[in-house]
1. What's the total number of residues in region 1-44 that are without any contact (Cβ under 8 Å) to a residue 12 or more places away in the chain and either of a type in the set (Lys, Arg) or in contact with a Leu (Cβ under 8 Å, 6 or more places away or on another chain) (or both)?
2. Take region 1-51 and flag every residue that is touching a helix residue (DSSP H, G or I) at 6+ places or on another chain (Cβ under 7 Å), of a type in the set (Gly, Ala, Ser) and more than 26 Å from residue 355 (Cβ to Cβ).
3. Do we have residue 127 as among the aliphatic types (A, V, I, L, M), surrounded by 24 or more Cβ atoms within 10 Å (Cβ to Cβ) and closer than 20 Å to residue 41 by Cβ here?
4. If I filter region 198-232 down to residues being assigned to a loop (DSSP other than H, G, I, E, B) and of a type in the set (A, V, I, L, M, F, W, C), which single residue comes out as farthest from the chain's Cα centre (by Cα)?
5. Name the residues in region 364-390 that are closer than 14 Å to residue 434 by Cβ and either part of a helix (DSSP H, G or I) or free of Cβ contacts under 8 Å to residues at least 12 places away in the same chain (or both), would you?
6. Do you know which of the residues in region 214-249 that are of a type in the set (Lys, Arg) and farther than 12 Å from residue 273 by Cα is surrounded by the most Cβ atoms within 10 Å (Cβ to Cβ)?
7. Regarding region 184-195, can at least one residue be identified that is touching a residue at least 60 places away in the same chain (Cβ under 8 Å) and either part of a loop (DSSP other than H, G, I, E, B) or surrounded by fewer than 23 Cβ atoms within 10 Å (Cβ to Cβ) (or both)?
8. Taking region 185-213, which residues are within 21 Å of residue 268 (Cα to Cα) and not small (Gly, Ala, Ser)?
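The values are calculated or read from the model by the stated rules, or taken from the named source; none is laboratory data. All figures in this text were calculated on a predicted structure; none of them were measured in a lab. Using ideal geometry, Cβ is built from the backbone for each residue, glycine included, and neighbour counts are taken over all protein chains shown.
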Amino acid sequence: MTLRSHRAFLVVLALGVALRALAVLGYRPALWFWADSFAYLSSALDLRPLASRPSGYALFLRALEPLHSLTAVVVAQHLLGLAVATCVYAVLRRRTSLPGWGAALAAAPVLLDVHQIQLEHLVMADLLFTALVVFAVTALLWHPRPAAWTVVAALLLLALATITRTIGLPLIPLAALLVARSGWRAAVAGLVAAAAVLGGYAVWFHSANGSYGMGGSNVWLWSRTMTFADCAKMHPPRDLAVLCPSEPRLAAPAYIWDARSPIQRAGADRERLAGEFASLAIRSQPADFLMTGLHDALWAFEWDRRPYPSPGPQSAYVFPASVKPFNDKVASAGRTATQLTAAYQGAYQGAYQGTSGATRVAGPYAGWLRAYQDQGFLRGPLLAVILLTGLGGLLARRWAALLPWAAAMTLLLLPPLIAAFDHRYVVPVVPLACLAAGLALGSRRSPPPWRSAAADVQPDERRQTGPLHRAANA
C-alpha cells in the first residue's frame, strides 16, 4: 500500500495527536485520581505490591522513574493510546476489505474521544491495561492462524494486563479457547506462560502481604451486593447480620467510604465478613445479582455520560476548569494515612520527578480542550450500534470478530457485576468493540474458531499430503 492509501487515517491520527498535545500543554504535568494515583506512585517508589489493587501499573511507573518526569509518563500513555488506535486500523486493513476511510472511521473513536484522552492523561492503570489487551488481540488476529510463539506472546500480554487490572483474568482462558485452530499445544504453552507471570506476581505479593493473591478487597463485591441484598431472604448468621443494608440504599461505591455504611462497624474482621456476606447474597439471590449488574451496565448506552458514583468533575472523568489540591484526608482514603500521606507528599515534593507534581491548568490550551469535550466523545447509543454490528457479524459467520467482541462484552459486563458501574471501565471497551465491528463488516465468512485446522483441509489435499504422496515426492 502507498502512503496515499492511508491518507484518511493519517488525517484522523493528526487530529488525535493535536488533541493530546492540548492535554499535555493544558494540564501539567498530569491529572490525579483521588487516592488511587498516589497509591500507584507510592508502590512504584517503594517497589512493593499493593494490598488493595494489583501493581502492574506501579511497575510501569517504576520503569519510567529514571526519566524523573510525570510529563514523560503521560506522554508515554498518550503514545500508547495512539498505538491502540493504530492497531485497530492496521488489523482492519490487513484482515478485511474495508477501504482506508472505513478502517480510519473504526479507529476514530479511540483517537478523538476526549474521555479516552483524559484517561491517558491520568496517573491510573486503565490506559496501560487497555493497551496490553489490544496488543494481545492484535497479535492473535494478525494472521488467521497465529503461530505458536504469537499465542504465547499474546497470553503473556494478557497476564501482564491481569496484574495491571484483575478484570483481565477471564480474557486469558477466553483467548486460549478461541485460538484452538492454532493447535492445543500452542494454547497450553500460552496458558503455562501466563500462569508463570501470575504465579510470580502472587509470590511477590506473598512476600509483602503474607498471603498469595493479586491484590484486592472483598469489600468491593460486598458493596455491589448492598444494592440488592435482602436479609429477610438471606437469613444471615448473627456475625454477618451486622452488614445488612438499611434504607434508603446508597450507590454501591458509597458503601465502601460512607460513614453510614455498615462496613464501618465490622472492625478488623471486615474482609472475611464482607466476603462471606457477598457469597451468601449471591447464592441466595442469583437473579437479583445478575439483573442488578445488567441494569447498571446499560448505563453505558445512555446519550449523556452519567456522573457516577458521585457528581463532580473527577467522577465524570473530564478535563476540569480548575484542580483543587488533594488534602491529607482525601489522599489517605482506602489505605493507612501514614502510607498514602507519604506518597502524597512525595509526589508534590519531588520524590518521583524532582519538582512539584501538582496539576497546573494552563490556558488557552485547557480551555480549547474543555470546549471540545462538550461534544467530542462517543455517545452511548453509538457504542450500542458498534457492539450490535459486531454481533451481527458473528451471526453472519464472520468469526474473526469473535475474539474482540467477546473481550469487549466481558470488559463491559463484569465490572458492574462484581464492583460498580463507572465510565472509566467503559473506555477500554471501545477499541475492542470498534475492531469487532470492522471485522464484522469487512472480513469474509470463515469456519468457527473451535474447528480444528485439519478439518479445513479438503479430502484431495489430505490424500496429497499422505505418506504415499510424501514418499513419491521424496
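1. 3
2. 5, 8, 16, 51
3. yes
4. Result: 229.
5. Selection gives 382, 383, 384, 385, 386, 387, 388, 389, 390.
6. For region 214-249, the residue satisfying everything is 224.
7. Scanning region 184-195 turns up no residue that is touching a residue at least 60 places away in the same chain (Cβ under 8 Å) and either part of a loop (DSSP other than H, G, I, E, B) or surrounded by fewer than 23 Cβ atoms within 10 Å (Cβ to Cβ) (or both).
8. First, pick out the residues of region 185-213 that are within 21 Å of residue 268 (Cα to Cα): 205-206, 208-213.
Of everything in region 185-213, those that are within 21 Å of residue 268 (Cα to Cα) and not small (Gly, Ala, Ser) turn out to be 205, 206, 209, 212.
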